[in-house]
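Novice: Provided herewith is a single structure, encoded as structure tokens, for subsequent inquiry.
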Amino acid sequence: MNLTVLGCYGPYPPAGGACSGYLLAHEGNYILLDCGNGVLSKLQYFININKLAAVFISHFHSDHISDLFIMRYALQIDLEQGKRKNPLKIFAPTEPAEELERLPYKDVYAIETIDEGKDVNFASMKFSFIKTLHPITCCAMRVQEAGGETFIYSGDTAYFTEFIPFVQDADLFLCEANFLQGDLDNGTPHYHLSASQAGQIAMQAGVRKLLLTHLPPHRERSAYMEEARLFFPEAALAEEGKIYTI
């Protein structure tokens, strides 16, 4: 499996950047994880849209789904011109129901739902899910291919102990780190991880590699890496346009 980072910022991108979007490639199949603003443009540097086999959505916040509402026009044209034979599969949470109901458009999407405890086998990979701690339903994803390599995508979440066994022994852990620990220390409820917490989860779960993502564009990125490395020395920052081997 290979992972290409198309967008790694949240909740908005800097000039020229994109929000959450990650292209997973395995045995000639291309699967997009989240499709935030700017992702559609970045995707086309790597593949034609008609090569995309599926999109898995962690949750319905705009910085994770907004380009789905633009991609549908491209899919419509590809279907009309015969460049694509079938609607694009979309796997998304069941809630909020009103957000799920916004996705259908002129039969360009074939929508299926995901949920905790409901595995999806797709393109020789098994996708498993756990609900995270976030204001709306959000599913972190565990992706395992036949050879045993395992990839985890956190989606958006605050810290919760049940996440650690879900992440256990992953080859690559792509984890959101929207905050620094000082942001959380005032006791105000937050629904994202700090870089420190991401490093602790990676350490406790025994993962091989940690990539920090969902980074705020108004801050110095290196501060997040430095904080995570206090607990996980091999932590790195997700870089847009970079391809990672899992």
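Derivation of every value follows stated rules applied to the coordinates shown; laboratory data play no part. These numbers were taken from a predicted model, which means no experiment stands behind them. Neighbour counts run over all protein chains shown; Cβ positions are idealised from the backbone, glycine included.
Novice: What distance in nm lies between label points placed 7 Å from Cα along the C-beta direction at residue 41 and residue 85?
Specialist: Taking the simple label geometry, residue 41 and residue 85 are separated by 3.4 nm.
Novice: Taking 25 Å as R0, compute the FRET efficiency from the Cβ-Cβ separation of residue 51 and residue 77 and round it to 0.05. Mind showing how you got there, number by number?
Specialist: Details: r = 15 Å, r/R0 = 0.60.
FRET efficiency, residue 51 to residue 77: 0.95.
Novice: Of the candidates 110, 18, 177, which one comes out as most mobile in a Gaussian network treatment of the chain with C-alpha springs shorter than 10 Å?
Specialist: Highest fluctuation of the listed residues: 110.
Novice: Among (i) 17.0, 56; (ii) 17.1, 51; (iii) 20.1, 65, find the value of Rg and Dmax of the Cα atoms in Å that was calculated from the structure presented, and write down its label.
Specialist: Computing Rg and Dmax of the Cα atoms in Å and matching it to (i) 17.0, 56; (ii) 17.1, 51; (iii) 20.1, 65 gives (i).
Novice: Which residue, 16, 82, 148, tops the fluctuation ranking in a GNM of the chain built on C-alpha contacts under 10 Å?
Specialist: Fluctuation is largest for 16.
Novice: Take every Cα-Cα pair in segment 64-195 and report what % of them are more than 20 Å apart.
Specialist: It works out to 56 percent of all Cα pairs.
Novice: Right, something else. Counting other C-beta atoms within 10 Å, which of 107, 183, 171 has the fewest, and how do the rest follow? Mind dumping the intermediate values first?
Specialist: Working: 107 10, 183 14, 171 17.
Ordered from fewest to most neighbouring Cβ atoms within 10 Å, 107, 183, 171 come out as 107, 183, 171.
Novice: From the helices alone, meaning DSSP H stretches of at least four residues, give me the mean residue ellipticity at 222 nm for the chain, per-run term -39500 (n - 2.57), in deg cm²/dmol to the nearest 500. Intermediate values should be presented prior to the final figure.
Specialist: Numbers: 8 runs with 53 residues, N = 246.
Rounded to the nearest 500, the figure is -5000 deg cm²/dmol.
Novice: Defining a contact as two alpha carbons under 8 Å apart and six or more residues distant in sequence, what relative contact order in percent does the chain show? Could the numbers behind the result be given before it?
Specialist: Details: 600 pairs, mean separation 43.1, N = 246.
Over the chain, the number comes to 18 percent.
Novice: Moving on. Can you tell me the length gained on complete extension of the stretch residue 190 to residue 113, counting 0.36 nm per residue apart and subtracting the Cα distance?
Specialist: Values: separation 77, 0.36 × 77 = 27.72 nm, distance 2.68 nm.
Roughly 25.0 nm would be gained on extension.
Novice: On a straight-distance basis, which lysines could pair with residue 209 in a cross-link, Cα separation under 21 angstrom, same-chain partners fewer than 8 positions away excluded?
Specialist: Leaving aside lysines fewer than 8 places away in the same chain, those within reach of residue 209 are 126, 242.
Novice: Here's something else I'd like to know. For segment 44-131, take the alpha-carbon Rg, divide it by the Kirkwood Rh, and send me Rg/Rh.
Specialist: Here Rg/Rh amounts to 0.96.
Novice: If you build a Gaussian network model of the chain, linking Cα atoms that sit under 10 Å apart, which residue out of 24, 184, 88 swings the most?
Specialist: 184
Novice: Counting pairs of alpha carbon atoms under 8 Å apart in space and at least six apart in sequence, what relative contact order in percent does segment 145-222 give?
Specialist: On the way: 130 pairs, mean separation 27.4, N = 78.
That works out to 35 percent.
Novice: What distance in nm separates the two pseudo spin-label positions at residue 234 and residue 164, each 7 Å out from Cα along the beta-carbon direction?
Specialist: Going from the residue 234 label point to the residue 164 one covers 2.0 nm.
Novice: Want the number for residue 29 to residue 94: 0.36 nm per residue separation, take away the alpha-carbon distance, what's left? Please report the intermediate quantities before stating the final value.
Specialist: Numbers: separation 65, 0.36 × 65 = 23.40 nm, distance 2.49 nm.
So the extension gain works out to 20.9 nm.
Novice: Helix 195-205 against the longest principal axis of the chain: what's the angle in degrees, Cα atoms only, rounded to the nearest 10?
Specialist: Roughly 90 degrees between the two axes.
Novice: Output the 0 to 90 degree angle, nearest 10, between the alpha-carbon long axis of helix 68-80 and the longest principal axis computed from the alpha carbons of the chain.
Specialist: The angle comes out at about 30 degrees.
Novice: Roughly speaking, what is the centre-to-centre gap between segment 87-153 and segment 196-232 when only Cα atoms are used, to the nearest Å?
Specialist: Between the Cα centre of segment 87-153 and that of segment 196-232, the gap is 24 Å.
Novice: Among bridges DSSP assigns within segment 1-90, what percent are antiparallel (round to 5)? Don't jump to the answer; show the numbers that get you there.
Specialist: Working: 10 of 17 bridges.
Of all bridge pairs located within segment 1-90, approximately 60 percent are antiparallel.
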